[in-house]
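Structure, as structure tokens:
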Amino acid sequence: MDSIGVLMACPMNSYLEQQLDKRFKLFRFWTVPDKSSFLNSNKDSIQAVAGNATAGADAELIEALPKLEIVANFSVGLDKIDLAKCKEKGIRVTNTPDVLTEDVADLAIGLMLAVLRKLCESDRYVRSGKWKKGDYMLTTKFTGKKVGIIGLGRIGMAIAKRAEAFSCPISYYSRNEKPEINYKYYPSVVELAAYCDILVVACPLTKETHHIVNRDVINALGPKGVLINIGRGPHVEEPELVSALFEHRLGGAGLDVFENEPYVPEELFGLDNVVLLPHVGSGTVETREAMADLVIGNLEAHFQKKPLLTPVV
Amino acid sequence: MESIGVLMACPMNPYLEQELDKRFTLHRFWKVPEKSTFLSTHSNSIRAVVGNAFAGADAQLIEALPKLEIVASFSVGLDKIDLAKCKEKGIRVTNTPDVLTEDVADLAIGLILAVLRNLCECDRYVRSGKWKKGSYMLTTKFTGKRVGIIGLGRIGMAIAKRAEAFSCPISYHSRTEKPETKYKYYPSVVELAANCDILVIACSLTEETRHIVNRKVIDALGAEGVLINIGRGPHVDEPELVSALVERRIGGAGLDVFEHEPEVPEELFGLDNVVLLPHVGSGTVETRKDMADLVLGNLEAHFLKKPLLTPVI
């Protein structure tokens, strides 16, 4: 398969890069100075694209690659791929579900505890020597708080399972109610936000869910409410979130994702009721290796004309 | 009851202080310039001492207060109280069990996630602008890691329940095996440490458990192991822990308690694999109020000759 051209959209994982280099003819898109000439010159040899949460395959790229057969995503989110265009052209699409579910759910709980119990601020307090001058302030209990989840898919369910161990009543919003589940359903995100103490974004990013957390939702969540985002930055209307936090209309936020990564609104840096992470949801050694193996496995299956491991389209 | 003298050992909670002031004659021990003169002068009016994790009632204080009838601790730990002397003199002792169990267990899980997923480091990484220059390194998955608990009391069981939701196999060491739980028992702390990935200290501090985590245990836990201490600083041989961390003989540590609070070994400040908290285990608004109400309730019950709410002796 050495002659099969695979275009890697951006740097994502050294092990994956290495493996793709070994098995295919790997093109590293981010090292190309003139992208349009490059695509022109190599369009007949590129049969696959490997994308991730940062860069994938938009309509323009797809049109520029007439021999493209498969887009294998190094993420479970598909928002950087023009799925309609792929369907139209018969291009296969795969992602990395399941292998990252636990890590992302773990991080959601980690963010909740970090925000409510001010773990990062407390750690800073010790390291700066302030503890010698007085005790740290009191924070807020996590156990028993009402957790509301937007999107009850694999990740949403894994978050619910963990939060239940902390006696958190679980409620959710989803495109359709899931009566087989014991959790309380709310038919709108605003109602969910009004009811719960901690609102977690865990749905895919699509046209419909863009800015699903807007000013109305933030106001409904309120000055004691906490927003946790382990989905995608564009799920939240970021300027609205920033002003709500600043003006204390929202109690706090734990954010792993932002609208324009790696740019994070600097107004947040001075706040003690936010925890800001650099999109590390699935960022463990174990999980990234499992994700890489899935990408490689999907590509090999495709080019060997075997069934794809985790097809989306 | 206004004429009853209550000695508060150190500042611990404004609400508790206020309420004690209202109901009793409150003496704030930390404001007294000459402690022995003070005790001499007031030895006949002080009938109760309110202590906490920081200061309680040692043999010397007990001897100096011939009218002492009850020591009510604003903590569940009793290591600052000379229990033998209290028994000898028929002095009642109360603490604050149950109301703080969940907060302390929540913090233990928070520390585990913060250490394994480098949450505080990641937050620093974003706020310092480093994310613009590159992604954060990969960390370690929490789900499925083996959690070993020293002491399977209320807090130990609450930690186990939470960790189980993360599919963590649970094992423990305790003075006696508890066959009614399904967790794996190890007859020694060294064996427990050798067989788990995350070792949590959740037992009471007594003469027997002082330095229960020593060099042997730290070595057994090993270079990939993580130590979590939400018990008492003296549970751990602190200089040994510090050199193990600096020399990378142990993978990481999440510490809420230290041998000489509020002093924390400064060699730890430069490490990225430790999370240091200023003894905030039960430090939420909700729980400290519940603890204060228990202290007040126990004192009132005693002086009204009613059954104590949470007696230890």
Inset, instruction - Answer yes or no as to whether B:I170 is in contact (Cβ under 8 Å) with a residue 40 or more places away in the chain and of a type outside the set (S, T, N, Q). - result: no
Legend entry - Complete set of residues in region B:102-115 that are open to solvent by less than 10 Å² (accessible area, probe 1.4 Å) and either part of a strand (DSSP E or B) or charged (D, E, K, R) (or both): B:D103, B:D106
Inset, instruction - Looking at (1) within 26 Å of B:L245 (Cβ to Cβ); (2) assigned to a helix (DSSP H, G or I); (3) facing chain A (nearest Cβ under 7 Å), find the lone condition where B:V280 falls short. - result: (2)
Legend entry - Selected residue (criterion: nearest to the other protein chains (Cβ to nearest Cβ)) from residues of region B:225-273 that are touching a Ser or Thr at 6+ places or on another chain (Cβ under 9 Å), open to solvent by 20 Å² or more (accessible area, probe 1.4 Å) and farther than 17 Å from A:R127 by Cβ: B:G251
Inset, instruction - For region A:276-283, indicate whether the set of residues that are assigned to a loop (DSSP other than H, G, I, E, B) and more than 14 Å from chain B (Cβ to nearest Cβ) is non-empty. - result: no
Inset, instruction - Give the residue, chosen from B:Y125, B:Y136, that is on the phi < 0 side of the Ramachandran plot, outside any loop (DSSP other than H, G, I, E, B) and open to solvent by 10 Å² or more (accessible area, probe 1.4 Å). - result: B:Y125
Legend entry - Hits in region B:72-96 (condition: more than 16 Å from B:E208 (Cα to Cα) and small (G, A, S)): B:A72, B:S73, B:S75, B:G90
Inset, instruction - Could you pull out every one of the strands (runs of 3 or more DSSP E) wholly within region B:2-101 that has 2 or more residues that are in contact (Cβ under 8 Å) with a residue 40 or more places away in the chain? - result: B:5-8, B:46-51, B:70-73, B:92-94
Inset, instruction - Of the numbered conditions (1) farther than 30 Å from A:A108 by Cβ; (2) without any contact (Cβ under 8 Å) to a residue 40 or more places away in the chain, B:R124 fails exactly one; give the number of that condition. - result: (1)
Inset, instruction - Could you check region A:110-220 for helices (runs of 4 or more DSSP H) lying wholly inside it with 2 or more residues that are under 30 Å from B:E261 (Cβ atoms) and touching a Cys at 6+ places or on another chain (Cβ under 6 Å)? - result: A:119-127
Inset, instruction - Answer yes or no: is there a residue in region B:283-299 that is in a loop (DSSP other than H, G, I, E, B) and under 24 Å from B:D103 (Cα atoms). - result: yes
Inset, instruction - Look through region B:118-161, keep the residues that are under 19 Å from A:E286 (Cβ atoms) and in contact with a helix residue (DSSP H, G or I) (Cβ under 6 Å, 6 or more places away or on another chain), and return whichever of them is farthest from the other protein chains (Cβ to nearest Cβ). - result: B:V147
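The values are calculated or read from the model by the stated rules, or taken from the named source; none is laboratory data. These numbers come from a predicted model, not from an experiment. Note: ideal-geometry Cβ built from the backbone for every residue, glycine included; neighbour counts use all protein chains shown. All accessible areas refer to the heavy atoms of the entire protein, side chains included, with ligands and DNA or RNA removed. Shrake-Rupley method; radii C 1.70, N 1.55, O 1.52, S 1.80 Å.
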